[in-house]
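Student: Structure in structure tokens, see below.
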Amino acid sequence: MATPDFIRDIRATAGHQLLLLPGVSAIVFDDEGRVLLGRRADNGQWSTVGGIPEPGEEPAQTAVREVYEETGVRCVAERVVLVDAAPTPVVYPNGDVCQFMDIAFRCRATGGEARVNDDESLDVGWFAMDALPQLSEFALFSIKQAQADGPTWFRPSTEL
């Protein structure tokens, strides 16, 4: 994902130290039950679409915006499917360290044509559930949760 300007401003004074950041993922399904995936330009891996909310932006709006910006697909966010803190920080090639708190939304495509729509993706496409490319465990789990009709998933709390 491209680094938002407000994060660049923080990095100007914080340097490379660990930042806890909000993240939003969109698990987008079309009318045929296929899921929208993008192959990321930063690591070449297939993944669900996601990004960082702008200050004051609602998470569902972030999901809708990121899907359109990255893929050209229009969608609506239907429900939150999971909330999860990444278990380990991400260290970027420039030395920046981030840990994300992800809110994942099940989304329904409403229009547009899937295409590479910015410089964050190498490829974009719709995939049937039985023909998914190699994905991270987190992406697979997010897709599974988005298919389920259960409540929002989160890690159980432990008593202090």
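The values are calculated or read from the model by the stated rules, or taken from the named source; none is laboratory data. The structure displayed is predicted, hence computed values, not measured ones. Counting neighbours? That spans all protein chains shown, and the Cβs are built from the backbone with ideal geometry, glycine included. Note: areas computed on protein heavy atoms with side chains; ligands, DNA, RNA excluded. Shrake-Rupley method; radii C 1.70, N 1.55, O 1.52, S 1.80 Å.
Matching residues to (1) modelled with pLDDT of 95 or more; (2) assigned to a strand (DSSP E or B); (3) over 16 Å from the mean Cα position of the chain (by Cα); (4) over 20 Å from Arg115 (Cα atoms):
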position	(1), (2), (3), (4)
Asp31	yes, no, yes, no
Arg39	yes, yes, no, no
Asn43	no, no, no, no
Ala60	yes, no, no, yes
Glu66	yes, no, no, no
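Student: Can you report the number of residues in the stretch 8-24 which are part of a loop (DSSP other than H, G, I, E, B) and touching a Pro at 6+ places or on another chain (Cβ under 9 Å)? Walk me through it before giving the result.
Tutor: Here is the first cut: in the stretch 8-24, the ones part of a loop (DSSP other than H, G, I, E, B) are 15-18.
Now drop any that are not touching a Pro at 6+ places or on another chain (Cβ under 9 Å), which leaves 18.
Matching residues across the stretch 8-24 total 1.
Student: While we're looking at this one, here's another question. Show the residue pairs meeting these rules: Cβ distance below 7 Å; 6+ apart or different chains; first residue within the stretch 122-144 and touching a residue at least 40 places away in the same chain (Cβ under 8 Å) and among the aliphatic types (A, V, I, L, M); second residue loosely packed, with under 15 Cβ neighbours inside 10 Å and not in a helix (DSSP H, G or I).
Tutor: Leu122/Gly44; Val124/Arg115; Met129/Gly33
Student: Additional query: Only one of (1) modelled with pLDDT of 95 or more; (2) over 22 Å from Asp149 (Cβ atoms); (3) surrounded by 13 or more Cβ atoms within 10 Å (Cβ to Cβ) fails for Gly56. Which number is that?
Tutor: (3)
Student: Determine which single condition Asp5 fails, assuming it passes every other condition in (1) in contact with a Pro (Cβ under 7 Å, 6 or more places away or on another chain); (2) open to solvent by 30 Å² or more (accessible area, probe 1.4 Å).
Tutor: So the condition that Asp5 fails would be (1).
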